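The values are calculated or read from the model by the stated rules, or taken from the named source; none is laboratory data. The model shown is predicted, which means the values in this text are computed figures rather than measured ones. Glycine gets a Cβ as well: all are built from the backbone with ideal geometry, and neighbour counts include every protein chain shown. Calculation scope for accessible area: heavy atoms of the full protein, side chains included, ligands and nucleic acids excluded. Shrake-Rupley method; radii C 1.70, N 1.55, O 1.52, S 1.80 Å.
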Amino acid sequence: MKMQIRARLGVMMFLQYFIWGAWYVTLATWLTKSLHFSGQQIGLAAGTTAVGAMIAPFFVGLIADKLFATQRVLALLHLLGGVLLFIASVQTAFHAEYVLLLLYSLCYMPTLALTNSLAFRQMREPKLEFGPIRVLGTLGWIVAGLLIGTLKLESTARPLQTAAAFSLLMAAYCLTLPDTPPLSREGKFTIESVFPKEARSLLRERSMAIFAIASFLICIPLQFYYAFTNLFLNEAGVRNAAGKMTGGQMSELFCMLLIPWFFRRLGVKYMLVAGMLAWVLRYVLFAYGNANEHVWMLVLGIVLHGICYDFFFVTGQIYIDRKSSLALRAAAQGLITFLTYGVGMFVGSWLSGAVVEHYTTLSAAGADVHSWRSIWLVAAGASAVVLVLFLLTFSDKEEGTVQTAEAAGRIPVEAPL
């Protein structure tokens, strides 16, 4: 692949994830501090991306694979998304805000797969070429967090407006990307074409079924982190909370380098266990940390995100890749993504909002007061239950057979969270 094309794809990834990182991390802080929404409402608003993730595979299979060129679909979706996000930034009522964020997520979430698809179509050796390009997406997320945190915009509508502006920029930029026509205009689009029967049949195997169930369940407490960490850090008195939260993505990059080394020593099962254990530890650290003498606990809890994400989700992607035939790998990955980032995160958004609402009281001045220790311990307990059940039931006889080079070539393709 030519250096010029590589650079253009890198800019695409940077903008793609800058947009998401600019608004999503601080959403709860803005909705609480400026609009005074309840915990349940905030959870539902954060869960709009999960709904988008559930719809995305069907949208991509119909529109991009059979009807229109990928770069044009990307441009249209980001154009609509920018307009919707800006309108959402000036709303004050929950129902209007929720509908606009939901419509925006239905536009944005398919673009995650579409940018990956466009990049892969331009590559001769995806295993070697995709990693250095995709990592610029994580860099975009980091830059967005540092910018929003440094400018102290977390409790304002500016993050949404910043993301809206960059969405319009992305829409224009997409029209300059290499032409990527649909792969096939033949045949009818069906649910079977998105999740083939053969891919679904993989879940009949005991180890795959347990892995799929555990992946779904662990995404429920995961949403506590995504939806409420920034609000928690701001209420705890942590300065530049959005900037500090980018430490999670920085550690994600570092932990990616450790995956081959740990694979040789731990295998699939205990890599997954390590990822879930890091989830439990992170929430316990949040429960007992503070912005003073125990600030190190909060920082460590953020940095553990690298292990939480890479050791579980990236290892899971490798595991699915190994268990599936070449023809079914994309469909199998899509099915697990649907169960995790879609259904699991949606349930988690509702449950996390309900828990936060339960542990919220009103102060004498009429402001919301959150019992964060109780909230984080609920998340820690839920993660621990999933961990124990997985540890006792999951078995993979081939867990030590993954090749190091192959493991090093797998990277997260859906989200740098």
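Of these, VAL347, VAL356, which one is among the aliphatic types (A, V, I, L, M), modelled with pLDDT of 85 or more and open to solvent by 30 Å² or more (accessible area, probe 1.4 Å)?
Going through VAL347, VAL356 in turn, the sole match is VAL347.
Can you name the residue in the stretch 65-76 that is touching a helix residue (DSSP H, G or I) at 6+ places or on another chain (Cβ under 6 Å) and surrounded by fewer than 24 Cβ atoms within 10 Å (Cβ to Cβ) and, of all such residues, is modelled with the highest pLDDT?
ALA75
Six or more apart or on different chains, Cβ atoms under 7 Å: show the pairs whose first residue is in the stretch 350-365 and closer than 17 Å to GLU235 by Cα and whose second is at pLDDT below 95 and among the acidic types (Asp, Glu).
Filtered contacts from the stretch 350-365: THR360/ASP368; LEU362/ASP368.
Do we have any residue at all in the stretch 206-213 that's out of contact with any helix residue (DSSP H, G or I) (no Cβ under 7 Å at 6 or more places or on another chain) and open to solvent by 20 Å² or more (accessible area, probe 1.4 Å)?
yes
If a residue has to be part of a helix (DSSP H, G or I), over 20 Å from the mean Cα position of the chain (by Cα) and more than 16 Å from LEU169 (Cα to Cα) to count, how many in the stretch 2-28 make the cut?
5
This table checks each residue for (1) at pLDDT below 85; (2) open to solvent by 70 Å² or more (accessible area, probe 1.4 Å).
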{"position": "GLY131", "(1), (2)": "yes, no"}
{"position": "LYS152", "(1), (2)": "no, yes"}
{"position": "ALA165", "(1), (2)": "no, no"}
{"position": "LEU175", "(1), (2)": "no, yes"}
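Looking at this structure, is VAL135 open to solvent by 10 Å² or more (accessible area, probe 1.4 Å) and either under 14 Å from PHE18 (Cβ atoms) or acidic (Asp, Glu) (or both)?
The answer is yes for VAL135.
Return only the number of the condition from (1) modelled with pLDDT under 75; (2) under 29 Å from ALA28 (Cβ atoms) that ALA405 does not satisfy.
(2)
Looking at LEU272 and the list (1) closer than 21 Å to LEU202 by Cβ; (2) open to solvent by 50 Å² or more (accessible area, probe 1.4 Å); (3) aliphatic (A, V, I, L, M), which single condition is not satisfied?
Result: LEU272 fails condition (2) only.
Going through the stretch 86-129 one residue at a time, which ones are farther than 27 Å from GLU154 by Cβ, surrounded by fewer than 20 Cβ atoms within 10 Å (Cβ to Cβ), without any contact (Cβ under 8 Å) to a residue 60 or more places away in the chain and of a type in the set (A, V, I, L, M, F, W, C)?
Of everything in the stretch 86-129, just one residue is farther than 27 Å from GLU154 by Cβ, surrounded by fewer than 20 Cβ atoms within 10 Å (Cβ to Cβ), without any contact (Cβ under 8 Å) to a residue 60 or more places away in the chain and of a type in the set (A, V, I, L, M, F, W, C), namely PHE120.
Give the number of residues within the stretch 66-85 that are of a type in the set (Val, Ile, Thr) and in contact (Cβ under 8 Å) with a residue 60 or more places away in the chain.
Of the residues in that region, 2 qualify.
List the helices (runs of 4 or more DSSP H) inside the stretch 29-140, counting only whole elements, that have at least 2 residues being among the aromatic types (Phe, Trp, Tyr) and within 21 Å of the chain's Cα centre (by Cα).
In the stretch 29-140, 48-59, 94-121 are the helices (runs of 4 or more DSSP H) which contain 2 or more residues that are among the aromatic types (Phe, Trp, Tyr) and within 21 Å of the chain's Cα centre (by Cα).
How many of the residues in the stretch 244-254 are open to solvent by less than 10 Å² (accessible area, probe 1.4 Å) and either more than 27 Å from VAL51 (Cα to Cα) or modelled with pLDDT of 95 or more (or both)?
Residues meeting the conditions: 0.
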